[in-house]
Amino acid sequence: MANLFLQFGISIFLVIMTYFFDLTAGLILNLLFILIQGTLMLYLNIIQGKTVSLALAFWLFMPILLSVTFYGMTYQQQQLQAENQKLHNDMVQLGAFDEETNLRTMVSYIEDASVFIETSRRYELPVTMLVLRIRYFDEMRRILTSDQLREVIQMVSKTIKASTRGNDIVYILDRENPSWGVLLYTDLPGAQIVAARIKDNFAKQVSNSVTLSGTEVLLIAGIAAYDQKTMSTAYELMNAAAKETEYDV
């Protein structure tokens, strides 16, 4: 029984080495194990005259089979992760993805909004644009430290992302005067519900933040529904929503 646990432990070790390094390193370690195990089996059988058990013979080749099988199972996942990372890097380089907040940028908004608008025209689906900003940001910039400002931007980004549905797309539209946008397949009342939920969730996050303790940080929101009679571009939809933030007091 002790030998069985030892063989099993060695097999797990070899599989782990294959995972953290590569198949070549795993195969080398497995061949080394086979050499040692085979030498031991020959010693027991020839020198001591003992009969080699089937369990010992079984674990002679099982570790290498486990290592190859496990590597094959994880290789595809590793390739997918590498492709996702490459896509992420490409998007950052193209300016379509903000590396700090993990949100899409204005570049992506223009492309996505065109799809939303075309879908709205073709299937008569309601499309709204929600723009969010930090109230009195210019004044807050003079009061808060750079670390606090960075935390605020991260907190807003995460709150918006967590407060929206899977088919709602969140953007950071401006980093100088932080502005966020959300494209939604919903009407004005539905977008107002989303805006209220984001504000409430953000207020809770601020109240629980140690860094922002005692600081009043509020969001303002502007909402505009796409109107194919008066709007023809994604910029018009965004500007209409941004204009509405001036009336959120």
Could you check, for region 121-135, whether at least one of its residues is modelled with pLDDT under 90, open to solvent by 20 Å² or more (accessible area, probe 1.4 Å), of a type in the set (D, E, K, R) and under 25 Å from E99 (Cβ atoms)?
no
If I filter region 94-120 down to residues being of a type in the set (S, T, Y) and not in a helix (DSSP H, G or I), which single residue comes out as modelled with the highest pLDDT?
T105
Does E151 fit the bill of being out of contact with any helix residue (DSSP H, G or I) (no Cβ under 6 Å at 6 or more places or on another chain), without any contact (Cβ under 8 Å) to a residue 12 or more places away in the chain and not hydrophobic (A, V, I, L, M, F, W, C)?
no
Kindly check whether there is at least one residue in region 204-219 that is within 12 Å of M129 (Cα to Cα) and either modelled with pLDDT under 95 or not in a loop (DSSP other than H, G, I, E, B) (or both).
no
Taking region 178-194 and keeping residues part of a helix (DSSP H, G or I) and buried (at least 21 other Cβ atoms within 10 Å of the Cβ) leaves A191, V194
Find the residue count for region 149-177, including only residues that are in contact with a Lys or Arg (Cβ under 6 Å, 6 or more places away or on another chain) and in a helix (DSSP H, G or I).
1
Residue hits (region 158-167; surrounded by fewer than 18 Cβ atoms within 10 Å (Cβ to Cβ) and under 16 Å from K199 (Cβ atoms)) are K158, K161, A162
Subset of region 98-145, residues touching a helix residue (DSSP H, G or I) at 6+ places or on another chain (Cβ under 9 Å) and closer than 15 Å to Q228 by Cβ, comes to A113, S114, F116, I117, L125, P126, V127, T128, M129
Run down R175, R150 and say which single residue is within 24 Å of A234 (Cα to Cα), open to solvent by 20 Å² or more (accessible area, probe 1.4 Å) and modelled with pLDDT under 95.
R175
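The values are calculated or read from the model by the stated rules, or taken from the named source; none is laboratory data. On a predicted model such as this, the values are computed, not experimentally measured, just so you know. Because the Cβ atoms are built from the backbone with ideal geometry, glycine has one as well, and the counts that use them run over all protein chains shown. Side chains included, ligands, DNA and RNA excluded: accessible areas come from the protein's heavy atoms. Shrake-Rupley method; radii C 1.70, N 1.55, O 1.52, S 1.80 Å.
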